[in-house]
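S.K.: What follows is a structure written as structure tokens; I'll ask about it next.
The values are calculated or read from the model by the stated rules, or taken from the named source; none is laboratory data. Keep in mind that this is a model prediction, so the values were computed, not measured. Here the Cβ positions follow ideal geometry from the backbone for every residue, glycine too, while neighbour counts run over all protein chains shown.
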């Protein structure tokens, strides 16, 4: 069951998305609540896994000028094993199990095109069960995950789930 955010949770998260290092006191001022409220909310949001507070490196500025998305068509029976093996490779930033034209999509960062070539030929190419790959070399990133801002409104499916939970609590 997803964690249902209320309007204060959303306000706190949006503030942190602008500056993840902001103090609880400053967040409280901007959100119009006490520091203790912010502290308790952040504790609950992090403990439940609703949010993670991390540093997001800029790949180009730290020397990873080659970013690639690799789609992999794999034997379905081995998809989990293949995904686990690829996820352990240090170049891999994200891996997704997908439906559609391929089973896996990998995002990986490299210091050069030669490193990408080595990754594809020496690592991915040798994994049993990988049938086909297609690589897209990123020319420029327009918006990455750190640029996504939490929408102000709660999706209807989560509103319904929150309503069901409150009805259960009333009984």
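S.K.: Tally up the residues in segment 56-76 that are free of Cβ contacts under 8 Å to residues at least 12 places away in the same chain and over 21 Å from residue 118 (Cβ atoms), please.
M.R.: Within segment 56-76, residues that are free of Cβ contacts under 8 Å to residues at least 12 places away in the same chain and over 21 Å from residue 118 (Cβ atoms) number 3.
S.K.: Kindly indicate which of 21, 41 is over 16 Å from the mean Cα position of the chain (by Cα), surrounded by fewer than 10 Cβ atoms within 10 Å (Cβ to Cβ) and not assigned by TED's automatic domain parsing to the domain that holds residue 102.
M.R.: So the residue among 21, 41 that is over 16 Å from the mean Cα position of the chain (by Cα), surrounded by fewer than 10 Cβ atoms within 10 Å (Cβ to Cβ) and not assigned by TED's automatic domain parsing to the domain that holds residue 102 is 21.
S.K.: From the list 51, 82, which residue is surrounded by 11 or more Cβ atoms within 10 Å (Cβ to Cβ) and not assigned by TED's automatic domain parsing to the domain that holds residue 125?
M.R.: Matching residue, one of 51, 82: 51.
S.K.: Something else now. Among 92, 70, 60, which is surrounded by 11 or more Cβ atoms within 10 Å (Cβ to Cβ) and more than 17 Å from residue 134 (Cα to Cα)?
M.R.: 60
S.K.: If you scan segment 131-140, which residues turn out to be touching a residue at least 60 places away in the same chain (Cβ under 8 Å) and either touching a helix residue (DSSP H, G or I) at 6+ places or on another chain (Cβ under 9 Å) or in a strand (DSSP E or B) (or both)?
M.R.: Within segment 131-140, 132, 133, 134, 135, 136, 137 qualify.
S.K.: Something else: Please give the helices (runs of 4 or more DSSP H) falling wholly within segment 1-99 in which 3 or more residues are closer than 22 Å to residue 142 by Cβ.
M.R.: Output list reads 7-18.
S.K.: Something else: Give the residues of segment 103-118 that are part of a loop (DSSP other than H, G, I, E, B) and buried (at least 18 other Cβ atoms within 10 Å of the Cβ), sorted by residue number.
M.R.: 103
S.K.: Output the number of residues of segment 119-137 satisfying the condition of being within 22 Å of residue 59 (Cα to Cα) and surrounded by 15 or more Cβ atoms within 10 Å (Cβ to Cβ).
M.R.: Residues in segment 119-137 being within 22 Å of residue 59 (Cα to Cα) and surrounded by 15 or more Cβ atoms within 10 Å (Cβ to Cβ): 5 in total.
Here's the yes/no breakdown for (1) in contact with a strand residue (DSSP E or B) (Cβ under 7 Å, 6 or more places away or on another chain); (2) free of Cβ contacts under 8 Å to residues at least 12 places away in the same chain; (3) over 18 Å from residue 148 (Cα atoms):
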| residue | (1), (2), (3) |
| --- | --- |
| 10 | no, no, no |
| 39 | no, no, yes |
| 46 | no, yes, yes |
| 78 | no, no, yes |
| 83 | yes, no, yes |
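S.K.: Given the criterion at pLDDT 95 or above and not assigned by TED's automatic domain parsing to the domain that holds residue 6, identify the matching residue among 111, 154.
M.R.: 111
Residue-by-condition table, conditions (1) at pLDDT 95 or above; (2) touching a helix residue (DSSP H, G or I) at 6+ places or on another chain (Cβ under 7 Å):
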| residue | (1), (2) |
| --- | --- |
| 10 | no, no |
| 14 | no, no |
| 20 | no, no |
| 23 | yes, no |
| 38 | yes, yes |
| 45 | yes, yes |
| 78 | yes, no |
| 84 | yes, no |
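S.K.: What is the number of the single condition among (1) surrounded by fewer than 17 Cβ atoms within 10 Å (Cβ to Cβ); (2) at pLDDT 95 or above that residue 1 does not meet?
M.R.: The number of the failed condition is (2).
S.K.: Which condition does residue 56 not pass, out of (1) under 22 Å from the mean Cα position of the chain (by Cα); (2) at pLDDT 95 or above, if it passes all the others?
M.R.: Of everything listed in (1) under 22 Å from the mean Cα position of the chain (by Cα); (2) at pLDDT 95 or above, residue 56 misses just condition (2).
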